[in-house]
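One structure below.
The values are calculated or read from the model by the stated rules, or taken from the named source; none is laboratory data. Note that the structure is predicted; figures quoted are calculated from it, not measured. Every residue, glycine as well, gets a Cβ built from its backbone with ideal geometry; the counts of neighbours run over all protein chains shown.
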Protein chains: 4
Amino acid sequence: MNTYGERFRVTTYGESHGLAVGAVIDGCPAGMAIDMDAVEQALLRRRNGAPRTEADRVVWLSGMKDGVTLGTPLAFSIGNGDSRPDDYDRLEHLFRPGHADYTYHAKYGLRDHRGGGRASARETTARVVAGCVARQLMPELAIEATVAETGPRLENDTCGGIVQCRVTGLPAGVGEPVFGKLGASLASAMMSIPSAIGFEMGAGFAAALMTGSQYVDRWSGLLSPITTSNHCGGVQGGISNGMPIEFRVAFHPVATLPQTVECLHEDGHLEPLDVGGRHDRCAVTRVPVIVESMAALCLINYLL
Amino acid sequence: MNTYGERFRVTTYGESHGLAVGAVIDGCPAGMAIDMDAVEQALLRRRNGAPRTEADRVVWLSGMKDGVTLGTPLAFSIGNGDSRPDDYDRLEHLFRPGHADYTYHAKYGLRDHRGGGRASARETTARVVAGCVARQLMPELAIEATVAETGPRLENDTCGGIVQCRVTGLPAGVGEPVFGKLGASLASAMMSIPSAIGFEMGAGFAAALMTGSQYVDRWSGLLSPITTSNHCGGVQGGISNGMPIEFRVAFHPVATLPQTVECLHEDGHLEPLDVGGRHDRCAVTRVPVIVESMAALCLINYLL
Amino acid sequence: MNTYGERFRVTTYGESHGLAVGAVIDGCPAGMAIDMDAVEQALLRRRNGAPRTEADRVVWLSGMKDGVTLGTPLAFSIGNGDSRPDDYDRLEHLFRPGHADYTYHAKYGLRDHRGGGRASARETTARVVAGCVARQLMPELAIEATVAETGPRLENDTCGGIVQCRVTGLPAGVGEPVFGKLGASLASAMMSIPSAIGFEMGAGFAAALMTGSQYVDRWSGLLSPITTSNHCGGVQGGISNGMPIEFRVAFHPVATLPQTVECLHEDGHLEPLDVGGRHDRCAVTRVPVIVESMAALCLINYLL
Amino acid sequence: MNTYGERFRVTTYGESHGLAVGAVIDGCPAGMAIDMDAVEQALLRRRNGAPRTEADRVVWLSGMKDGVTLGTPLAFSIGNGDSRPDDYDRLEHLFRPGHADYTYHAKYGLRDHRGGGRASARETTARVVAGCVARQLMPELAIEATVAETGPRLENDTCGGIVQCRVTGLPAGVGEPVFGKLGASLASAMMSIPSAIGFEMGAGFAAALMTGSQYVDRWSGLLSPITTSNHCGGVQGGISNGMPIEFRVAFHPVATLPQTVECLHEDGHLEPLDVGGRHDRCAVTRVPVIVESMAALCLINYLL
């Protein structure tokens, strides 16, 4: 299932070390001039501010004429420049701990072992581009995610963290009851991000240990803010109440440890491996723009 | 969006004080003799063991002959017996705090104000029946949810809690990459339950504050258990790894407080209301069977 | 696949001799007072004007309050009154020629042999009710189907016919390119009607034998009618052009012959059967309201 | 709606004179070595045997390693080589008769006027590639389409025709009742092909004028062929009966006439235009491979 959304449908494709990653966006309204600088800025945030390499150049294949959307599918591809796939030969028959190597193998019987293949966070590049298009269609929304907490950063180790996100500008009445609740859709969108392991709206897990009197948001008697607290995160019965949408997403530590780790060989025996150096030890700082992108892709499907 | 699932599609219907609640199940294989006792047991758990009233009698409208499924849609209805809708007249123009009254009004312009209408937890009756059918199609799975924590129970107050769920018997290789990840689908399924406000797989939010060395599950070198810990909750890259699927769901306290509360009138003024007595103060004990039902509805869509 | 539509989703259920047939309609806007007389009139047309029996009484289970839609799922059931299932005992192991008996058996391994079960035209009762709701949401459209041709009616035989349909009031610009073309969706909707065996837009099969000069609709130079002919049936590139939508649907003769026919027994031998008397010999006069209903269900999914 | 299918999902993209056309195929099983020669042969048939130009070179962007599918999305693009977009400047504000120029404008407010843009038959290149992949997954099926009738070919005029298709190897029991009938899905698939204007299964429109005795296919008493005729086209109640699937598709004449035609200007006045010479006058010979491709894409969604 590589498609997200019903009305603004984003189908991503690509392995980290194949020819390209990219997406087709179906359902984008016609007549929008896409702000390509904003796309570049979003990709820059995802790179943690590192200079652009060839590997982040977006080629738009269809759906635009003179920079304006046609209402037809927007397709783009982003070449995987500096791929160095030979580095990965020794991984061909090994399942690293904490990665999807084993589960992809169990599901498909084969996999692209180079750099995580389809499971690589490189796929989120396509989400960031698509999310950026979505945001431009909803200029009334402010979607802002930041790192709320970072795990401990020890030498020769990795860390995770918690990202919080706040959306303002969403009017009351957006959402769908029962199975299309805002909180359910946001949860699914966020948990689809690589390394996401937890999601909570508003007061979240802490709410479970409050009393009802503490938890229930009281009417302010004002038009805005409509309640005096926002423990529910701006959603009641799956529908927005006009307060900011607030949620948090937990990300587990980077699974590629800067240590020798025991891998499981396809044959069943364990084999030590030193993955080496050029991997992120703390990826959570790159995540806020991905959280914002998925929030945008989630919300636009309610608003179009 | 009142339909859950793609292959085993459950469309629920009904307001708490309308004629009936129920569902249509499309995609149930033919030739299964439904265990009606198991359905009754599941509904009994949802009632916290209270004796069955007329309001829990399931009428099967279609899809079976002589108790065996035909492969055609299974439709059922459950009459809303003891509805006492007159109790609700004073609520017609009031939005209770902590409820979906205001958001439904904002979305639809009108609502069934009686007992929460469509937003009532009564709708979960249909999910429990459908979930029970799904479970019977996957006898190899053991799905067990229990209350892990309950909030404080003060006099004249309500509480919430945390439900944990564990699924064993799911082989490695179940799940879909990218947007159909097991964790994403389970998150959506759980967050669609009334009062759900948080979801986490495995170590969840605690994982965000571990180091990578602490977090990463190591291969055991054995066929089973395949790893020596299960911090990931049995899912890597969105696909099961053969370990138990483990997750937790946070539920906020019951929103109907046994106190006088200020309601928002449609006119904009605040108005005190005493909702009265016959409401649950702690609903979390009724939730495990709903969590199990949604887990079953989630998983069967990967397995059919 | 018992659901039709994406935005106005109709899920029908029921076997002809089970407890009930009916549907759940999801996506119906809130605040509409349903005209129940129009529903009765539509069912009357489907009965060819025969007096209403118990078997056509619509019970609305949910989604309305005081006759007004709530925006929540509209569920209804129609009991199968005079079912006489015992008449069908001799059919239990026989596959009639021209019916779906054999194919249902091949697909499901079992079937409800009584009166066609799920394959019975009785299922269209639910479509007519749903279609009637859809039409009330699009009062600007006039959808009119009539019998264009009826096959020969010989003694001891049955006939089919051709139904033509014309929709006026649809503005230019409705439809979706590529796979969601109006003609493709209408074709699917019409071919889902029992006994449908052909579909054509505008000049249809005759168009294939015209020259381009004959076929191409010329601009009138007027705002309306925008073209001087309508060979394309009001659709170009899958999108309406403002002319009437015109199409025709072919229905094969009634498969239940008023003769002794050879049935295939589950054992493989042939066995003569005389089905007897109370079956329609020419059902095509009942079909226009079904064609209109499906046209309405098709079009509303583009307009909501 | 640029996606076809639920299980084997093909999302096509591209305008005829943009950078590229192509598709993403989601749901293709892992481990299949794609026969690239077969892809070339299919594209050759679509070109009517003309030599390959740059414009038919398929670039595979993702989803394969060493020519074998990974189970992840297969993305490909086909550059639009010899596009000569300047030829089209005079068409920028004109709506040609018989084309989708006006309807795209009515829907989107703007369009790519060069060579039909998204409505161009060039988009079917992507369908042929995807269909070829689908066929390789169903080697047990023989899908063969041929031109059954061609319209008259006068000087300075164009023609259409009728394509017939026959699928053998499909076992009994494939299809879905009610809205997912084989005939309904095939009708939708075929009517999505540019210029398609009619569809019929088996005896089709002729069946409507037969008597029931003539129409009803009789059991042969043999295992194969199971009936002595195939007026139903191999489908009963939406489900295959083991006989060949047989259907016909009508295509209207090529809309680009080799004559001076009156175009509608955006301003509302009529304006003569001579489109000139390099267009097909009879495209129906290029259609059989497209019909086969769409038949394959339709059927694989029932078989996966």
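Among the residues of the stretch B:63-81 satisfying the criterion of being of a type outside the set (A, V, I, L, M, F, W, C), more than 23 Å from the chain's Cα centre (by Cα) and on the phi < 0 side of the Ramachandran plot, which is modelled with the lowest pLDDT? Spell out the reasoning first.
Filtering the stretch B:63-81 for residues of a type outside the set (A, V, I, L, M, F, W, C) gives B:63, B:65-67, B:69, B:71-73, B:77, B:79-81.
Going one step further and asking which of them are more than 23 Å from the chain's Cα centre (by Cα), we end up with B:63, B:65-67, B:69, B:71-72.
Imposing the further condition that a residue be on the phi < 0 side of the Ramachandran plot reduces the set to B:65, B:69, B:72.
Numbers: B:Lys65: 94, B:Thr69: 97, B:Thr72: 97.
That would be B:Lys65.
Residue check: is D:Val174 among the hydrophobic types (A, V, I, L, M, F, W, C) and surrounded by fewer than 24 Cβ atoms within 10 Å (Cβ to Cβ)?
Judged against the criteria, D:Val174 is a match.
Got at least one residue in the stretch A:198-216 being surrounded by 17 or more Cβ atoms within 10 Å (Cβ to Cβ) and under 24 Å from B:Asn241 (Cβ atoms)? Give the steps one after another, and end with the answer.
Going through the stretch A:198-216, the residues surrounded by 17 or more Cβ atoms within 10 Å (Cβ to Cβ) turn out to be A:198-205, A:207-212, A:214-216.
From what's left, under 24 Å from B:Asn241 (Cβ atoms): A:198-199.
Checked against the condition, which is being surrounded by 17 or more Cβ atoms within 10 Å (Cβ to Cβ) and under 24 Å from B:Asn241 (Cβ atoms), the stretch A:198-216 yields at least one hit.
Please specify each residue of the stretch A:250-280 satisfying the condition of being facing chain B (nearest Cβ under 8 Å), closer than 16 Å to A:Leu154 by Cβ and not β-branched (Val, Ile, Thr).
Result: A:His252, A:Pro253, A:Ala255, A:Leu257, A:Gln259.
Being within 10 Å of the chain's Cα centre (by Cα) and buried (at least 24 other Cβ atoms within 10 Å of the Cβ) is the filter here; which residues of the stretch A:116-125 pass it?
Hits for the stretch A:116-125 are A:Glu123, A:Thr125.
Please work out which one of (1) buried (at least 18 other Cβ atoms within 10 Å of the Cβ); (2) farther than 27 Å from D:Val289 by Cα is the condition D:Asp89 fails and give its number.
Tallying (1) buried (at least 18 other Cβ atoms within 10 Å of the Cβ); (2) farther than 27 Å from D:Val289 by Cα, D:Asp89 fails exactly one: (1).
For B:Met191, work out the one condition from (1) buried (at least 24 other Cβ atoms within 10 Å of the Cβ); (2) within 28 Å of A:Tyr108 (Cα to Cα); (3) in contact with a Lys or Arg (Cβ under 8 Å, 6 or more places away or on another chain) it doesn't fulfil.
The failed condition is (2).
Can you find a residue in the stretch D:277-287 that is surrounded by fewer than 24 Cβ atoms within 10 Å (Cβ to Cβ), hydrophobic (A, V, I, L, M, F, W, C) and modelled with pLDDT under 95?
Yes - at least one qualifying residue is present in the stretch D:277-287.
Which residue pairs have Cβ atoms under 7 Å apart, sit 6 or more places apart or on different chains, and have a first residue in the stretch C:106-122 that is more than 14 Å from D:Gly175 (Cα to Cα) and a second that is surrounded by fewer than 22 Cβ atoms within 10 Å (Cβ to Cβ) and of a type in the set (D, E, K, R)?
Going by the 7 Å Cβ cut-off, the qualifying pairs are C:Asp112/B:Lys65; C:His113/C:Glu92.
Is there a residue in the stretch C:205-217 that is within 26 Å of D:Glu149 (Cβ to Cβ), among the acidic types (Asp, Glu) and outside any loop (DSSP other than H, G, I, E, B)?
If we filter the stretch C:205-217 for residues that are within 26 Å of D:Glu149 (Cβ to Cβ), which is where we start, we get C:205-217.
Narrowing further to those that are among the acidic types (Asp, Glu): C:217.
Right, trim to outside any loop (DSSP other than H, G, I, E, B) and you get none.
Within the stretch C:205-217, not a single residue is within 26 Å of D:Glu149 (Cβ to Cβ), among the acidic types (Asp, Glu) and outside any loop (DSSP other than H, G, I, E, B).
Could you check, for the stretch A:281-295, whether at least one of its residues is among the charged types (D, E, K, R), in a loop (DSSP other than H, G, I, E, B) and closer than 23 Å to A:Thr103 by Cβ?
no
May I ask you to verify whether A:Cys132 is over 30 Å from B:Ala172 (Cβ atoms) and at pLDDT 95 or above?
Values: over 30 Å from B:Ala172 (Cβ atoms): yes; at pLDDT 95 or above: yes.
Yes; evaluated as a whole, the condition is true for this residue.
Is the stretch D:36-57 home to any residue that is surrounded by 18 or more Cβ atoms within 10 Å (Cβ to Cβ), in contact with a Ser or Thr (Cβ under 6 Å, 6 or more places away or on another chain) and touching a residue at least 24 places away in the same chain (Cβ under 8 Å)?
no
Suppose we filter C:His269, C:His265, C:His252 for residues that are more than 22 Å from C:Leu43 (Cα to Cα) and surrounded by 24 or more Cβ atoms within 10 Å (Cβ to Cβ); which single one remains?
C:His252
Please enumerate the residues belonging to the stretch C:129-161 that are closer than 20 Å to C:Phe199 by Cα and surrounded by 21 or more Cβ atoms within 10 Å (Cβ to Cβ).
Within the stretch C:129-161, C:Gly131, C:Ile143, C:Ala145, C:Gly151, C:Cys159, C:Gly160, C:Gly161 meet the criteria.
Test D:Leu257 against the stated conditions and say whether it is part of a loop (DSSP other than H, G, I, E, B) and either over 16 Å from the mean Cα position of the chain (by Cα) or not aromatic (Phe, Trp, Tyr) (or both).
yes
Looking at the stretch D:189-200, which of the residues that are without any contact (Cβ under 8 Å) to a residue 60 or more places away in the chain and not charged (D, E, K, R) is farthest from the other protein chains (Cβ to nearest Cβ)?
Residue satisfying both the conditions and the ranking: D:Ala196.
Does B:Gly183 satisfy the criteria of being surrounded by fewer than 21 Cβ atoms within 10 Å (Cβ to Cβ), closer than 23 Å to A:Asp101 by Cβ and not aliphatic (A, V, I, L, M)?
Values: surrounded by fewer than 21 Cβ atoms within 10 Å (Cβ to Cβ): no; closer than 23 Å to A:Asp101 by Cβ: yes; not aliphatic (A, V, I, L, M): yes.
Criteria not met by B:Gly183.
Identify, by number, the condition in (1) in contact with a strand residue (DSSP E or B) (Cβ under 7 Å, 6 or more places away or on another chain); (2) more than 28 Å from C:Glu40 (Cβ to Cβ) that C:Leu222 doesn't meet.
Of everything listed in (1) in contact with a strand residue (DSSP E or B) (Cβ under 7 Å, 6 or more places away or on another chain); (2) more than 28 Å from C:Glu40 (Cβ to Cβ), C:Leu222 misses just condition (1).
Restricting to the stretch A:228-246, count the residues that are more than 7 Å from every other protein chain (Cβ to nearest Cβ) and either surrounded by fewer than 24 Cβ atoms within 10 Å (Cβ to Cβ) or in a loop (DSSP other than H, G, I, E, B) (or both).
Here the count works out to 12.
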